[in-house]
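Written out below as structure tokens is the structure these notes cover.
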Amino acid sequence: APARRETFSSRKLFILSAIGSAVGLGNIWRFPYVAYENGGGAFLIPYLVALLCAGIPLLFLDYSIGHRFRGSAPLSYRRLHRAAEPLGWWQVLICFVIAVYYAAIIAWAAMYAWFSLTKAWGDDAEGFFFGEYLHAADGAGLSFDFVSSVFFPMLAVWIVTIVIMVAGVNKGISRANAVFLPLLVVMFVILVVQSLFLDGATEGLNAFFTPNWASLQNPGVWAAAFGHIFFSLSVAFGIMVTYSSYLKRKTDLTGSGMVVAFANSGFEILAGIGVFAALGFMSVTAGKPVDEVASGGIGLAFVAFPTIVSEAPFGAILGVLFFGSLVFAGLTSLISILEVIVAAFQDKLGWSRKAATLVVTIPIALISLVLFPTTTGIHLLDTSDAFVNQFGILACALVTVIVVSAGLSSLPRLQKHLNLTSSIKMGTIWRILVGGVVPVALGYMLINEIQTKSTEQYSGYPAWFNGVFGWGMAGALIVGALLLSLIPWSDKSKLEDPEYE
Ligand code: PHE
Ligand code: NA
């Protein structure tokens, strides 16, 4: 008989792990800039609307599917309906692409924590990052020359992650989150306090919070809010389905979800304060207005922050706290992404935890270690992120909600399940939000994305590069998902609906 499915030993550990997944690089380097660019203080309104009308309802949808059908994404969707299995594999493949490059960013951050103590970046942090550190090739040539200063920290990231994953849900994932998440919060709070004492912090905070009310009339601002919430809560790509499949049968799903969602948002707002206080310092030191020094993503983390670290009092401490936070926030997200893939193969092929983990994670680690510690690595990362993370997840989320709500009419059944043991009951409004508001918002954003991606040459890369690594990969995931669905399940009895009292 197949081994019983492991469960989180407590609801607290599930919540901790779900927060660990949700709180990622996006909270630290994405949210502050998105908010600043889209109305500052006024952004809070579309943000809250998106959180309440789309993010949380979709989070509950993921929970209801994972918990009701008690399986990895492909198994849960398959149990929902036999035709829905490819949705699960699509999510698995998206997680695969993200995992492959996420590890590289964590590795850079780990190196930068060390550099904060040992290097003075001076005022050419940008040249240092792309040149001396990454050895990035000009343009998007496929040179793939080996870069050892990226390889070794990446190897370390993969070893740590694989060791955690092999240990399983309780001994590995829960424990890692129980250590990394509190550590992250403590480090980050100290970082924010330190930033608030920097010269210019007030200017930075003013820039961040000053509301631009006119922005509320701009549909792009609303799209940015919805887009950020989907990404930030890690909804609709299998993660929350997988984690909630490990919950005990009697669990307060909606109550837990609220804790996760608000913890994630709280962390983002805290990050906005810390990041903009530090950018205020940078603006005062450089004698430039805040909008000229503000940035997000890789530019914020690996160009602006190193500059701040070089110039701020106790900059080395600031650097260790900032890059250390990126490492811990990233690791807990990477673990959750990998778990989607491991669980899927474990279910489909009937492997043991250990076998599934090794057979899945080692090849992923190897692919990641071959592609990214190279002079082409950053370009690949840029393109995969743009096409899979920003475009692919929207498409996948849209198709998933349409199939589940309109295609299979599953919402009443899932609503019933949510209300079975949960403290906060879902009414008709939940079905309206998931089946109506969410698809409209996702559809609007997707059309927008397709337009920008096909009209602008993305990041100035040649058309063939975007063609192969962007559109090609986004399409390959769909084909791959269909093919994976055709592989037979090792144990057909698994496909039966688990009994639910
Ligand atoms: N939700 C994470 C964040 O806000 C990002 C993430 C993406 C996590 C994909 C897991 C998977 O940073
Ligand atoms: Na997040």
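FYI, it's all coordinate maths here, none of it is from the lab. Because the structure is a prediction, the values reported are computed rather than measured. In this analysis, Cβ positions are derived from the backbone assuming ideal geometry, glycine residues included, and neighbour counts consider all displayed protein chains.
Overview of values
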| item | result |
| --- | --- |
| Interatomic Cα distance distribution for the chain, bins of 10 angstrom, percent | 4, 20, 31, 28, 13, 3, 0 |
| Whether the range 180-230 is rounded, prolate or oblate, judged on the alpha carbon gyration tensor where a/c under 1.5 counts as rounded | oblate |
| Added length on full extension, which subtracts the Cα-Cα distance from 0.36 nm per residue, A156 to R4 | 51.5 nm |
| Angle between the chain longest axis and helix 438-455 axis [Cα atoms, degrees, rounded to 10] | 50 |
| Principal-axis tilt of helix 253-286 within the chain, Cα atoms, nearest 10 degrees | 10 |
| Modelled label reach - I367, point 7 Å along Cα→Cβ, the range 309-344 residues with backbone N closer than 15 Å | 337-344 |
| Value of [θ]222 nm, deg cm²/dmol, for the chain, DSSP H segments ≥ 4, -39500 (n - 2.57) each, nearest 500 | -20500 deg cm²/dmol |
| Cα gyration tensor shape for the range 461-501, rounded if a/c is under 1.5, else prolate or oblate | prolate |
| Global form of the range 77-181, assessed from the alpha-carbon gyration tensor, a/c cut-off 1.5 | oblate |
| Inter-site label distance for D123 and L420 at 7 Å from Cα along Cβ, in nm | 6.4 |
| Set K453/K494; K12/K494; K12/K453 screened for pairs whose C-alpha atoms are more than 32 Å apart | K453/K494; K12/K453 |
| Footprinting exposure proxy for V438, V290, V359, V166 (fewest neighbouring C-beta atoms within 10 Å first) | V359, V166, V290, V438 |
| Unit charges on C-beta of K, R, D, E only; dipole of the chain, Debye | 2480 |
| Degrees separating the helix 315-349 axis from the principal Cα axis of the chain, which is the longest one | 20 |
| F144 paired with V440, simple spin-label distance in nm, labels 7 Å along Cα-to-beta-carbon | 4.8 |
| Ranked list, fewest to most other Cβ atoms within 10 Å of each Cβ, for V150, V479 | V479, V150 |
